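As structure tokens, the structure follows; a few thoughts come after it.
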Amino acid sequence: MNTNREARTEKRERVALPLSVDLPNRHRHVRHRLTELGLDGLIVTNPTNVRYLSNHVGTAGTLVLTRSGVHLLVDFRYQESARATQASPGACPDLRIWPVPASYDEALVHVLAEVGGSTMGIEAAHLTVARMEWLERTLASRGLAVALRSTERVVEQVRLVKSSTEIEMLREACGRLGDVAGAAFAAVRVGITEREVAGVIEEAIRRAGYDRLAFDTIVASGPNSALPHHRSGSRKLSAGDLVVLDFGGVLDGYCCDLTRTVSVGAPAPDARRLHAAVREAQQAASEAVKPGVQATTIDAAARRLLESRGLGDAFGHGTGHGLGLDVHEEPRVGPPRGDSPGVQLEPGMVFTIEPGAYLPGMGGVRVEDDVLVTDTGCEVLTSVPRELLALP
């Protein structure tokens, strides 16, 4: 057991170190997009995007990417760690670290005055109207001819396709979920509470070497299993319950996500049929994955299967979501939406496939795996049995 854990730790370190080699390519792609938009630079305020472009990890930080440089603004809490990153294999090329003595926005005005550029993009989804208006007023009051222009998904579009380094990190993260699932299955029994099972799962996530939980663990039993995002509570598991187990971890910043539905003791015939339909829907969705198809096509494949089993109304959420530095990122794998552009699948995209069916009063089933789009279809990154296990 210890040898296996040591081997995993060694692999994790080998995978994590080359991240800096990805950064110039990321910068190049973002700068190409800025040129298309007629922008001199981009002000990045989404913490995940800041990390993606600089390897800075923190709850605060602003990044300014220009045609020729990368400028990271950090307050006192992160200045030493930012300098340490720059002295490590994760160093960001051409990065200049700027201190934030008081206000991030005040410091940003100072940086914009020095780095130049007449038109700078902002991340409209991550900078409030109030902050943008303050920046515009302050820039104008200081005689700085810098126009701020809203942008959408500039960095997120680059993040959609993972590099070979990121793929290996995600493979490692997803591969460790097998041990966590084993601990979860062993914990399920009559009389234990949902919250106690969640505690076992979360301890197994820590024991497997993950940095942290990817999200709050879901253990939904009996009638609660018909609630897709039930919060694990004090209900005790009973014989015949369906139990939805949804959990994930973060390894070196990259997220994985798995759901399995099990039965406490022998499942009823209706429960078996419900589980079989969801498994078939997941299989149909997986078989639809290939480069060039729309992400909505994957959702449609799962939805058609469940509709054919009379369960169309029981499936009310999307079929999947992207995985990476965020546990929910692009691509969105769901029905078409007027307020969200469609995404055409490309090799290197990673997302979940997690159809479900929920029947109030009886229970629900969800089966989820993480997949990588390949040149010919998809590779399933998670490897945990999908059948309906009857646990004591």
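Please treat every number below as a calculation from the coordinates, not as lab data. Because the structure is predicted, anything quoted here is derived from the model rather than measured. Heads up, the Cβs are rebuilt from the backbone with ideal geometry, glycines too, and the neighbour counts pull from every protein chain shown.
Shape analysis of the stretch 164-391 places it in the oblate category; the axes a ≥ b ≥ c from the Cα gyration tensor give an a/c of at least 1.5, with a/b not above b/c. You can think of it this way: the chain between Ser383 and Glu36 has 120.8 nm of extra reach, that is 0.36 nm per residue less the Cα-Cα gap.
3J(HN,Hα) couplings calculated from phi for the stretch 41-57 with the Karplus curve 6.51 cos²θ - 1.76 cosθ + 1.60 (θ = phi - 60°) are, in sequence order, x, 9, 8, 9, 10, 6, x, 5, 5, 4, 4, 4, 9, 9, 6, 7, 10 Hz; Gly and Pro show x. Distance from the Cα centroid of the stretch 59-98 to that of the stretch 120-163 is 18 Å (rounded to whole angstrom). Please state the shape class of the stretch 46-151: rounded when a/c is under 1.5, otherwise prolate if a/b exceeds b/c and oblate if not, all from the C-alpha gyration tensor. Prolate shape, in that a/c is at least 1.5 and a/b is the bigger ratio. Which of Arg142, Arg28, Arg235 moves most in a GNM of the chain, Cα contacts under 10 Å? Judging by the Gaussian network model, the answer is Arg142. Look at the dipole of the chain built from charges on Cβ: of Val109, Gly338, Leu135, the Cα furthest out on the positive end belongs to Gly338. Using a Gaussian network model of the chain in which every pair of alpha carbons under 10 angstrom is joined by a spring, one finds that among Gly38, Gly364, Gly178 the greatest mean-square fluctuation is at Gly38.
Sequence-distant contacts, meaning Cα pairs under 8 Å at least 6 residues apart, place the relative contact order of the stretch 2-159 at 23 percent. Counting only alpha carbon atoms, the long axis of helix 164-175 and the longest principal axis of the chain meet at about 30°. Against the chain, whose longest principal axis comes from its Cα atoms, helix 76-86 is set at around 90 degrees.
Give me the angle, in degrees from 0 to 90, between the Cα long axis of helix 23-37 and the longest principal axis of the Cα atoms of the chain, rounded to the nearest 10. In the chain, helix 23-37 runs at an angle near 70 degrees to the longest axis. Please work out the C-alpha center-to-center distance from the stretch 171-224 to the stretch 278-321 and express it in whole Å. Their Cα centres are 26 Å away from one another. For the chain, with a Gaussian network of springs between Cα atoms less than 10 Å apart, report the residue from Ala271, Ala130, Ala295 with the top mean-square fluctuation. In the Gaussian network model the winner is Ala130. Within the set (1) 198; (2) 131; (3) 151, the number that volume of the Cα convex hull per residue in Å³ takes when calculated for this structure is listed as (3). When each of Ile298, Ile218 is scored by the number of other beta-carbon atoms lying within 10 Å, the sequence from fewest to most is Ile218, Ile298.
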